1. How about the range 351-369: which of its residues are free of Cβ contacts under 8 Å to residues at least 12 places away in the same chain and in a helix (DSSP H, G or I)?
2. Just a yes or no: is a residue in the range 3-15 touching a helix residue (DSSP H, G or I) at 6+ places or on another chain (Cβ under 9 Å) and surrounded by 12 or more Cβ atoms within 10 Å (Cβ to Cβ)?
3. Would you mind finding the one in ILE261, ILE238, ILE329, ILE281 that is within 16 Å of the ligand (Cβ to nearest atom) and in contact with a His (Cβ under 9 Å, 6 or more places away or on another chain)?
4. Residue by residue through the range 146-166, note down the ones that are touching a Ser or Thr at 6+ places or on another chain (Cβ under 6 Å) and either outside any loop (DSSP other than H, G, I, E, B) or charged (D, E, K, R) (or both).
5. Out of (1) in contact (Cβ under 8 Å) with a residue 60 or more places away in the chain; (2) among the hydroxyl-bearing types (Ser, Thr, Tyr); (3) in a helix (DSSP H, G or I), the odd one out for SER318 is which?
6. Does ASN169 meet the test of being closer than 30 Å to PHE334 by Cα, under 22 Å from the mean Cα position of the chain (by Cα) and buried (at least 22 other Cβ atoms within 10 Å of the Cβ)?
7. Do we find a residue being under 26 Å from VAL154 (Cβ atoms), in contact (Cβ under 8 Å) with a residue 60 or more places away in the chain and in contact with a helix residue (DSSP H, G or I) (Cβ under 7 Å, 6 or more places away or on another chain) anywhere in the range 112-119?
8. Within the range 122-145, track down each residue that is part of a loop (DSSP other than H, G, I, E, B), over 20 Å from LEU184 (Cα atoms) and in contact with a strand residue (DSSP E or B) (Cβ under 6 Å, 6 or more places away or on another chain).
Amino acid sequence: MSEGTGIEGFIRSNLVSFDGYSARESPETLETKLEVPVESVIKLDANENPYGCSPRVNRALATCPDLNIYPDAGQTELRELLAGYTGIGAEHIVAGSGSGDLIDLILRLLVEPGEEVITCVPAFTMFRFSTRMYGGRLIEISRDKDFAVSVSAVKAAISKRTKIILVDNPNNPTGNLTCQNDILEIVDSGLPVLVDEAYVEFAGETVVPLVSQYKNLIVLRTFSKWAGLAGLRVGYGIFPPEIANYLMKIKLPYSVNMAAIVAVRESLKDIDYLMDNVMAIIAERGRLFRELKKIKFLTPFPSRANFILCSVRDGLASEFHQKLQRKGILVRYFDTPRLRNSIRISVGKPEHTDALIKALRETEEEING
Ligand SMILES: *Cc1c(COP(=O)(O)O)cnc(C)c1O
């Protein structure tokens, strides 16, 4: 061993002080902090689909005969199915174990230690995770006060070391969209540009049709949100075919498991059912926004996704988060240099909104009184 007495000497130097991904606490681990039974927790902290997956998925998985067989490493059926769903050729498509897996794979393909990744913050925290994993430097460009991407600031931040520019659209955690012209102006830099469309079914705007016209535009999608499959892990990317070919070579061969393939097949046979749920969530997003506006401690931001970010008055975000948690309602809390004193609330079913608003009113009274 080179130096010291610990195992650190063997660990890759950029990972010795790596702090990992801060995933949500699960309801089970929160048990002692709750005043309600775990079963009645209302989970509005991870943008999961409150309606669950298609019942066709449950039925097919209950009788799936092929679990002893390795899935197709070439993803032939999966890529064809996704081509049908997205309207672009299968040669553009690569699937992964969630779109998080694809973010990791793309940065693994592109980023060498010391190279730069540009993102517009506040943004999805997986970008930071994977950039650090490969020893890259994350260049964080602040969004403006309405969370719009500053295209000129992004362009000014490009250096010889820049390998990729990442934009969530709609953005997590802020919920706003970046317009196609702004995205294209960034794409015109010629650098690889990744547009993460995890919430596209809730937003209705996509740049997928443009991928075949550019050699540097990448779009990521997922089944976690609209199709209610977060627990099964399946996402996909739409790439220029050259990039897709590289990714097919470097991915782990069986990164998409057999159950996930079955789930995609069945979900795509049940699009009308799933989109009805998406429509219900969109309608509920409108009602939730109007209700949140009436809580005087909160300022909600308009959202095109399945969550609403709120800034909380008087530095009380942490207190709101804690009090809601005790009442069994989980929301996401932010207090970082990029996003002060905020909570992000996933859109649930109407009864979840009712329970949340009631709890928020009680919290408001507790704080006032
Ligand atoms: C939820 C989310 C995803 C989905 O990740 P999966 O790994 O597919 O579950 C991707 N990007 C963003 C911005 C998200 O918020």
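Just so you know, all these numbers are worked out from the coordinates, no wet-lab data involved. All figures in this text were calculated on a predicted structure; none of them were measured in a lab. No Cβ is skipped: glycine too gets one built from the backbone with ideal geometry, and neighbour counts run over all protein chains shown.
1. The answer is GLU351, ASP354, LYS358, GLU365, ASN368.
2. There is at least one residue in the range 3-15 that is touching a helix residue (DSSP H, G or I) at 6+ places or on another chain (Cβ under 9 Å) and surrounded by 12 or more Cβ atoms within 10 Å (Cβ to Cβ).
3. Of ILE261, ILE238, ILE329, ILE281, the one residue that is within 16 Å of the ligand (Cβ to nearest atom) and in contact with a His (Cβ under 9 Å, 6 or more places away or on another chain) is ILE238.
4. Residue satisfying the conditions is LEU166 alone.
5. (1)
6. Against the criterion (closer than 30 Å to PHE334 by Cα, under 22 Å from the mean Cα position of the chain (by Cα) and buried (at least 22 other Cβ atoms within 10 Å of the Cβ)), ASN169 qualifies.
7. Within the range 112-119 (the criterion being under 26 Å from VAL154 (Cβ atoms), in contact (Cβ under 8 Å) with a residue 60 or more places away in the chain and in contact with a helix residue (DSSP H, G or I) (Cβ under 7 Å, 6 or more places away or on another chain)), the answer is yes, since at least one residue qualifies.
8. If the condition is that a residue be part of a loop (DSSP other than H, G, I, E, B), over 20 Å from LEU184 (Cα atoms) and in contact with a strand residue (DSSP E or B) (Cβ under 6 Å, 6 or more places away or on another chain), then PRO122, PHE124, GLY136 are the ones that fit.
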